[in-house]
Amino acid sequence: MTEVRTDSVRCDGGSMDLSVWQPADHSSTAADRRSILLIQEIFGVGQYIRDVAARLAEAGYLVGAPDVFWRIRPNFQASGDQAGLQEALAVAGRLDRSQAITDCCAAIERLHEISGSSLRPAVLGFCLGGTLAWGVAIEDSPSACVSYYGSGVADMLQKIGAVRCPTLFHFGDDDPYIPNESVDHVVAAIARRPGFVVNIERAGHAFDNHQAVELFYNESAAKAAWAKTLAFLDTHLRTDERRVG
């Protein structure tokens with residue numbers, strides 16, 4: 001059975017909760033233990049993110065999910081309906097993105113300590129977390145980055161040269177929050193850069209969120225993207241010597 005506990009991350013100005021999922025299979029040695037920092041959507045570290053973490057733990061990964069909104073609304077969780085969406089948008093609108101990226105970088109360091117591994121954690125984020133995951137790839141040195149429909153990704157493409165880890169971007173082709181032109185910019189920016197991949201599903205925004213069925217969820221797109229995510233992580237989380245650029 002997957003073990004779940006709450007750890008703490010020291011940040012500038014206080015401490016942030018880090019929910020940690022320890023995979024049931026402890027067969028890997030500490031030196032090659034694989035871990036993933038999982039960054040929340042605007043809905044918080046709620047049931048959806050916990051379900052994703054459990055899936056990753058079942059696949060053998062040590063997972064840490066930081067409470068990104070700890071400076072604004074500690075342990076905030078919103079429902080996956082229209083009312084929850086409006087509440088979550090209001091909270092997310094108060095977030096300092098640069099500070100949140102710094103906090104997530106601190107969380108990566110803490111997860112690395114917990115893992116006891118020479119392999120640095122990967123970073124995986126959804127929606128808001130997709131933007132923050134890309135920010136972590138720019139500012140830190142995760143072993144890999146997977147960014148699901150991050151609306152702020154295109155805004156940070158000028159810093160792509162700082163990224164040294166393999167990166168997979170997922171987008172939907174009918175996303176009202178991310179214009180197709182922005183996705184085109186991402187595709188153009190990664191051209192001829194080994195280790196960078198863009199996957200575009202026939203879906204809208206937040207298509208992986210099965211807790212927001214009426215708002216976003218697209219089962220076929222979610223399954224297709226998830227299979228690509230697991231394959232990407234399995235390929236690149238084998239040695240911390242894998243770098244691009």
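Read the figures in this text as sums done on the coordinates, not as results from a lab. Everything numeric in this text was worked out from a predicted model, so none of it was measured. In this analysis, Cβ positions are derived from the backbone assuming ideal geometry, glycine residues included, and neighbour counts consider all displayed protein chains.
Ranked from highest to lowest mean number of other Cβ atoms within 10 Å per residue, what is the order of the peptides 196-205, 34-43?
Ranking, from highest mean packing down: 34-43, 196-205.
Could you line up Ser118, Ser8, Ser147 from fewest to most neighbouring Cβ atoms inside 10 Å?
Arranged by neighbour count, lowest to highest, Ser118, Ser8, Ser147 become Ser8, Ser118, Ser147.
Of all beta bridges DSSP finds with both residues in the range 17-121, what is the antiparallel percent, to the nearest 5?
65 percent
Relative contact order of the chain, please, whole-number percent, based on alpha carbon pairs below 8 angstrom and at least 6 residues apart.
17 percent
Using the Cβ atoms and a cut-off under 13 Å, what net charge is assigned to the surroundings of Gly135, where Lys and Arg are +1 and Asp and Glu are -1?
That sum, taken over residues with Cβ under 13 Å, equals -3.
Using +1 on the beta carbon of Lys and Arg, -1 on that of Asp and Glu, and nothing else charged, what's the dipole of the range 73-200 about the Cα centre, debye to 20?
Here the size comes out at about 440 debye.
To the nearest 20 debye, what charge dipole does the range 3-236 have about its Cα centre, counting +1 at the Cβ of each Lys and Arg and -1 at the Cβ of each Asp and Glu?
Once rounded to the nearest 20, the dipole reads 560 debye.
Which one, Gln47, Tyr148, Ala133, projects farthest toward the positive side of the charge dipole computed for the chain from Cβ point charges (K/R +1, D/E -1)?
The Cα lying farthest towards the positive end belongs to Ala133.
Which values, in whole Å and largest first, are the semi-axes of the equivalent ellipsoid of the range 94-170 obtained as the square root of 5 times each eigenvalue of the Cα gyration tensor?
Ellipsoid half-lengths, sorted descending, are 19, 14, 11 Å.
Rounded to the nearest 5, what % of the DSSP beta bridges within the range 3-236 are antiparallel ones?
Here the share of antiparallel DSSP bridges comes out near 40 percent.
Could you give me D for the range 189-236, from Stokes-Einstein at 4 °C and 1.567 mPa s, where the hydrodynamic radius is the Kirkwood radius over C-alpha pairs? Units µm² s⁻¹, please.
108 µm²/s
Which order do peptides 99-105, 70-76, 173-179 fall in by mean Cβ count within 10 Å, highest first?
99-105, 70-76, 173-179
Between the range 174-205 and the range 53-72, how many Å separate their Cα centres?
25 Å
When a/c is below 1.5 the answer is rounded, else prolate if a/b is larger than b/c, else oblate, so apply that to the range 1-84 with a ≥ b ≥ c taken from the square roots of the Cα gyration tensor eigenvalues.
oblate
Looking at the P(r) of the chain, how many percent of alpha-carbon pairs lie beyond 30 Å?
18 percent
Put +1 on the Cβ of every Lys and Arg and -1 on every Asp and Glu Cβ in the chain; which of Asn218, His170, His236 then has its Cα farthest towards the positive end of the dipole?
Selected residue: His236.
What FRET efficiency, computed as 1/(1 + (r/R0)^6) with R0 = 30 Å and r the Cβ-Cβ distance, is obtained for Ser141 and Asp173, rounded to the nearest 0.05?
Efficiency, rounded to the nearest 0.05: 0.45.
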